[in-house]
Amino acid sequence: MVQRKVCLVGDFAVGKTSLFNRFVYNRFSETYQSTIGVRVQRKILKVRDHELALILWDTEGGQDSTTLKESYLKGAAGAVIVCDLTRTGTILHCEEYIHLLRRENPALPLAIAGNKLDLVSPDHAHVTVAHQVAQLFQAPLTLSSANLGVGVEQLFQSLGERLVHAQTTI
Amino acid sequence: MLELEQEICNEYMIYDVVTAGVPQIDENVIMAIQQHAHESAMHQATVDPHPAEADTATHRQHESDPDLALLQELLLQAQQLLDTEQSIETPQQLTIIKSDRRGRRPMREFLLAPEYQRIDELEARIADLQRQLHDRDALIQMLSPAISRAIAQQVQEAHDEMAEALYPVIGRTIQRAVTESMRDLARRIDHMMRCSMRMFFLWRLVLWIRGIRPSDAALREALPFQVNELFLIHRESGLLIQHLSASATLTDADLIASMLAAIRAYVQESFLPHSDHSLDSIEYGDMQILVEEGPAALLAVVVQGVQPAGFRAILRQQLTELHAAYGAILRSFQGDPIDGAWMLPLLQPLMEWHDGSA
Ligand SMILES: Nc1nc2c(ncn2[C@@H]2O[C@H](COP(=O)(O)OP(=O)(O)OP(=O)(O)O)[C@@H](O)[C@H]2O)c(=O)[nH]1
Ligand SMILES: [Mg+2]
């Protein structure tokens, strides 16, 4: 089976682990348990009649991208940059994560998740900012709610499809 | 005279001490005291406007007062009675009827001294118990002798149940300890036998010279060693390139390979950030994961039992040969399945490795 390593990055408490848990186990918890180091799980995706094993690396978030351990990113075929639609800083920090991820491989497939959609209205100023950042850095934005399970499948599915044929990693 | 009267008034008249049974107080004594004290009190109330003068008067009267001798006698008797009362052990035997409220404390304390003392002791004990109940350490200290005795008794009376309950803990601990000491023994012997000889008599001679008992050497030969799993892992991504298993029951080999890579990355980042060393083995129970690192791929084997001498060197050698022959393929691995037939000749022998292999 085709395997691809995908990293989840973003500031602390934006909902990386929540998206990971919703996607892999279809569960959600209100309580915040900060990730220490990294967690790994596998999820099989169906991409155009083929099976793809996504090996997800859920990393520990910090204040910004400077605390991200680059050794966790090695060999990744793609990444999901997660921001919290209720915190502007986490949206603006996406730029740094994008630079970090594209430094080794400018063509690396990326996806931005604007998470906690259930806490903001669709026309909230933060949503507009998230769209602008995504457009500026040419990374598709998916609005998601790990809480309600909105946009999560779609986020990983669209990334998965781009991964199968992209032949380069970091 | 007035002082004495006052004392009597304060102490004796106020209580009628009635004994229930023992000891017998002479009723005449009590009545005499009461009457005398009553008269004196009346006398004091009418004749004593200036206590200071009365005091000197008292001194003067002492020798000539005819009542004094009687009063002293009575006091002596009362004192003796009180002495016997004090020696009464059980307070139930004593009934005290209060006939006046003034100044009764000294008498009560005197009479009830043993009870007060016991109350004080009991209060102290209750306070101590309360403190022990709230202080975890003290509570443990208080309870542990009883618990130890109960456990000891339980072990004696129901050792089958106890053994069953403790087995999961003790069994594993013993298993680990035995494996550990076997490993030690094997390492010691290996160390002494580095240059062992094949020929039997020479071998026995070597054992004898090196001070190894033949039974130990035979045991070392017989120790079970097995390679359960083998993972060839892409170094950068942690993705699984090839997996061989002795049992074919493992279904999550790809996940395990990635987890192993993540653990290594975590240990490296957290504990060895600026070092060339990295995690090269993980132990759990009597299992061990040995990891050898090559430029493009890692070789991880899960082994059970005592590692034969030189096994690590063999791992390294096979990994080096693999890189020499197929380095380019290993480096360019992206996660797409590959036909691993070409690497089997190098990996398969590791799965069948045992002491005799060379
Ligand atoms: N309402 C709402 N809360 C969310 C959502 N996603 C995550 N949360 C909450 O946000 C908090 C942080 O979520 P995590 O998933 O642990 O965040 P993280 O990014 O993994 O954090 P670190 O591991 O510290 O980097 C938790 O209390 C979650 O319950 C969401 O979509 N909606
Ligand atoms: Mg997390």
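Quick look at the values:
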{"read-out": "Pairs beyond 22 Å (Cα-Cα), from A:46/A:74; A:16/A:74; A:16/A:69; A:5/A:43; A:5/A:46", "value": "A:46/A:74"}
{"read-out": "Where A meets B: accessible area buried, both sides, 1.4 Å probe, Å²", "value": "1800"}
{"read-out": "Long-range amide H partners of residue B:297 with built H, under 5 Å", "value": "B:235"}
{"read-out": "Rough spin-label spacing in nm, given labels placed 7 Å along Cα→Cβ, for residue B:142 and residue B:169", "value": "2.5"}
{"read-out": "Rounded if a/c under 1.5, otherwise prolate or oblate - chain A, Cα gyration tensor axes", "value": "rounded"}
{"read-out": "Cleavage-rule hits, trypsin sites (Lys or Arg not before Pro), segment A:1-81, DSSP coil, Cβ neighbours within 10 Å at most 14", "value": "A:27, A:48"}
{"read-out": "Gyration tensor (alpha-carbon) shape descriptor, segment B:117-157, a/c threshold 1.5", "value": "oblate"}
{"read-out": "Rough spin-label spacing in nm, given labels placed 7 Å along Cα→Cβ, for residue A:135 and residue A:12", "value": "3.4"}
{"read-out": "Reduction of at least 20 Å² in accessible surface, 1.4 Å probe, comparing all protein chains with the chain by itself, residues of segment A:1-17", "value": "A:1, A:2, A:3, A:4, A:5"}
{"read-out": "FRET E, pair residue B:321, residue B:248, Förster distance 30 Å, beta-carbon r, rounded to 0.05", "value": "0.70"}
{"read-out": "Chain A: DSSP helices with Cα axial extent of at least 15 Å and average Kyte-Doolittle hydropathy no lower than 0.0", "value": "A:125-136"}
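The values are calculated or read from the model by the stated rules, or taken from the named source; none is laboratory data. Since this is a predicted model, take the numbers as computed values, not measurements. Note that each Cβ is placed from the backbone with ideal geometry, even for glycine, and that neighbours are counted across all protein chains shown. Calculation scope for accessible area: heavy atoms of the full protein, side chains included, ligands and nucleic acids excluded. Shrake-Rupley method; radii C 1.70, N 1.55, O 1.52, S 1.80 Å.
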